[in-house]
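Chemist: I have a structure I would like to understand better, so I am pasting it below and will then ask my questions one at a time.
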């Protein structure tokens, strides 16, 4: 019942093959001897009666049979009642439940009576869930829990009665109650030990229950045994892959992609269900159109694109996905059968397997901060914060209900604001806001900024919540996390050419106190890992670098100095999104917010490269193919009053006189020119580098824009801009 509790899986009720009504005569007139789980003829008699009844749509004959057998043979009567329930002639399965209960009272050590009662209760559960007029969020679950208990009673009567073990596994994998799963796991272990060799279906069910109960190593063994049976190799590969990946094992991805290449309908549906936690509808439609190796290749692209985006080795995102899914099912399951939404529910997932915490967890992973405060008057609630390079995400989850609506005490829903939590109107507002003060400064503003300031902060806080929900429920992330954040700035500057193509220079600066200096015989050594990836509009990698660099200094950097470095990569012409990260040791690092870079080609049209800027004490040198030294500084590391070298390249120039205009503008609404420089230059064509010096001694600390305009003899021109920030000496 994964993802939909309104329909029970067909495995919970007998799968009966069609038979003619004449086939019923022998089983009905013969004596049905007592059965045990290990006695094949007795099991066959019970199963044959199942099969024979499955073929008849004649409710009149079934009712006659029921009346005839009710007193003398209640077990058979129960099977007739079960068929009536399936045909909706007795929709609440009351006749089957009554007859099986009687059979269980008469012969409590017969597993078939308890098993049949479990099937009938499961049928009743399905019927109850269909009653839309019935109030409550747990409609049908009581009957389902009774069905599980009945299957347990059947196994108590006969530990080797496999149908009851399969029924128990199916129900408990739907209820996802950790305490109940542990009981079911132990029961299935006993059955598997009693029935040798174990049927493939039992081995598969045992593996699933072991995994859901948290016994991943035991689940791995069960799925490996299932694969040896040869029953459904594709499904076995997927189940084993799910388990190994959740354990973080690298050998899980090979199994995952091998299983995805098979065209088994059941297995393909399982792959799609796993993908649906993250994928947009358009992605799922593309998945549906593919088959065989093309499907596996599609999934490989889906996951490796995420690895590249998050600057991680291939395969990590796939492992993390299955770890998250397992964690969410264990810690954030929905123990309800219905979800009612109110006007303050900011998100309606429709999922009936995990609550909204589970949805966010599967998409975004472990939060950096998780608050579960108690505030008198408020219903149970939580708030999560994710620290992200492009801005924090803050989520509020509320269980229960109030006058504005809501759901169940065990159903945590997303709300936009802390003031929307269930019961917030009855809780002390200052305590409610104070309980979230560690998440963001906005909560302090809501408390302390006076009437109008607090009102403005409330609007801001609600906007943060709405934006977080939009991002959190439509995207997914596995961003690198570090226990200590490096205070760093960086740029990707596209300037220069090499025999392999256009160059991109990832230039960074880190405040010296945050770096780790390793003493060497010649001075000090700084070891950093830099990761940069450039992506196209479909998040396909166009260039990447992952390197460890060593920067040697004769003296240890002082507190006011910066460690400046450069990493080079080759970029094709075009506009690309890039992500980058720096790491110092195992625990310190920084992930930079996504940004874009435009790389010009060397065609015939006039183009300008990026602008390279640098001051001697806060820059790294790059030697051009023409043996010119160019200083490169990050945008925020130019000292006030320093002379700044500027370098850019003109491509596509033809012979003639070109006008160069360099202007430094204040970075405000007016963008007033503060420094200007212009000159004419005779160009002969091709690619030409221009190298000048800007004097910025009159400029104060703050943000500025450097603009370069180059005008061709025919009046056409190109403009490039770059933001900078001047800091104190």
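Chemist: Taking just the alpha-carbon atoms of the stretch 254-392, what radius of gyration and Dmax come out, in angstrom?
Modeler: Taking only Cα atoms of the stretch 254-392, I get Rg and Dmax of 17.5, 57 Å.
Chemist: Percent of alpha carbon pairs in the stretch 97-254 separated by more than 24 Å?
Modeler: 39 percent
Chemist: Relative contact order (percent) for the stretch 212-291, with alpha-carbon contacts under 8 angstrom and 6 or more residues of separation?
Modeler: Relative CO of the stretch 212-291 lands at 22 percent.
Chemist: For the peptides 477-484, 602-609, 547-554, 171-178, what is the packing order when you average, over each peptide's residues, the other Cβ atoms within 10 Å and list the highest mean first?
Modeler: 171-178, 602-609, 477-484, 547-554
Chemist: Using a 7 Å offset from the Cα along the Cα-to-Cβ direction at both residue 409 and residue 484, what is the distance between the two label points in nm, to one decimal?
Modeler: Label-label distance for residue 409 and residue 484, simple model: 4.6 nm.
Chemist: Follow-up question, since we're still on this one. Determine, at each q value in 0.10, 0.22 (inverse angstroms), the log₁₀ of I(q)/I(0) that the Debye formula gives when each Cα of the stretch 339-474 is one equal point scatterer.
Modeler: Scattering profile of the stretch 339-474, log10 relative to I(0): -0.29, -1.47.
Chemist: A further question follows. Using only Cα atoms, find the angle between the long axis of helix 59-69 and the longest principal axis of the chain, and express it within 0 to 90 degrees, rounded to the nearest 10.
Modeler: 60 degrees
Chemist: How far apart, in nm, are two points set 7 Å out from the Cα along the Cα-to-Cβ line at residue 474 and at residue 182?
Modeler: 4.2 nm
Chemist: How fast does the stretch 85-187 diffuse by Stokes-Einstein, in µm²/s, taking the Kirkwood radius from C-alpha pairs at 25 °C and 0.890 mPa s?
Modeler: The diffusion coefficient I find is 178 µm²/s.
Chemist: Which order do peptides 565-578, 238-251, 681-694 fall in by mean Cβ count within 10 Å, highest first?
Modeler: 238-251, 565-578, 681-694
Chemist: If you find the alpha carbon centre of the stretch 425-444 and of the stretch 68-110, how far apart are they in angstrom?
Modeler: 58 Å
Chemist: Grab the DSSP H runs of the chain that are 4 residues or longer, score each as -39,500 (n - 2.57), total them, divide by all residues and round the 222 nm result to the nearest 500 deg cm²/dmol.
Modeler: -12000 deg cm²/dmol
Chemist: Continuing with the same structure: Order these peptides, 159-168, 255-264, by their mean beta-carbon neighbour count within 10 angstrom, highest first.
Modeler: 159-168, 255-264
Chemist: Okay, next question. What's the angle, to the nearest 10 degrees (0 to 90), between helix 292-309's Cα axis and the longest principal axis of the chain?
Modeler: 50 degrees
Chemist: Once you keep just the Cα pairs under 8 angstrom separated by 6 or more residues, what percentage relative contact order results for the stretch 339-474?
Modeler: In percent, rounded to a whole number, it is 25.
Chemist: Right, another one. Between residue 666 and residue 556, what FRET efficiency comes out of the Förster formula 1/(1 + (r/R0)^6) with R0 = 45 Å and r the beta carbon distance, rounded to 0.05?
Modeler: 0.75
Chemist: Using the count of nearby Cβ atoms within 10 Å as a rough guide to exposure, how do 303, 635 rank from fewest to most?
Modeler: 635, 303
Chemist: Still on this structure, please answer the following. Full-extension gain between residue 196 and residue 518, please, as 0.36 nm times their residue separation minus the C-alpha to C-alpha distance.
Modeler: 109.7 nm
Chemist: Let me ask you something else. Counting residues in the stretch 600-729 as N, plug N into 2.2 N^0.38 Å and put the Cα Rg over that result.
Modeler: That works out to 1.06 for the stretch 600-729.
Chemist: Given a Förster distance of 45 Å, report the FRET efficiency between residue 335 and residue 547 from their Cβ-Cβ distance, rounded to the nearest 0.05.
Modeler: Working from the Cβ atoms, E equals 0.35.
Chemist: Using Cβ contacts closer than 10 Å as the measure, can you line up 562, 401 from fewest to most?
Modeler: 401, 562
Chemist: What distance in nm separates the two pseudo spin-label positions at residue 276 and residue 454, each 7 Å out from Cα along the beta-carbon direction?
Modeler: Those two pseudo-labels are separated by 4.6 nm.
Chemist: Using Cα pairs under 8 angstrom and six or more residues apart, how large is the relative contact order of the chain, in percent?
Modeler: 7 percent
Chemist: In terms of the ratio Rg/(2.2 N^0.38 Å) built on C-alpha atoms, what value belongs to the chain?
Modeler: Output field value: 1.27.
Chemist: Kindly put 52, 398 in sequence by how many other C-beta atoms sit within 10 Å of each C-beta, fewest to most.
Modeler: Sorted ascending by nearby Cβ count, the order is 52, 398.
Chemist: If you don't mind, another one. Helix 40-54: angle to the longest alpha-carbon principal axis of the chain, degrees 0 to 90, nearest 10?
Modeler: On a 0 to 90 degree scale, this one is about 80.
Chemist: Next up: Kindly state, to the nearest 0.05, the FRET efficiency for residue 134 paired with residue 604, given R0 = 56 Å and r defined as their beta-carbon distance.
Modeler: 0.15
Bear in mind that the values in this text are calculations on the coordinates, not laboratory data. Worth saying up front: this structure is predicted, and the values here are computed from it rather than measured. No Cβ is skipped: glycine too gets one built from the backbone with ideal geometry, and neighbour counts run over all protein chains shown.
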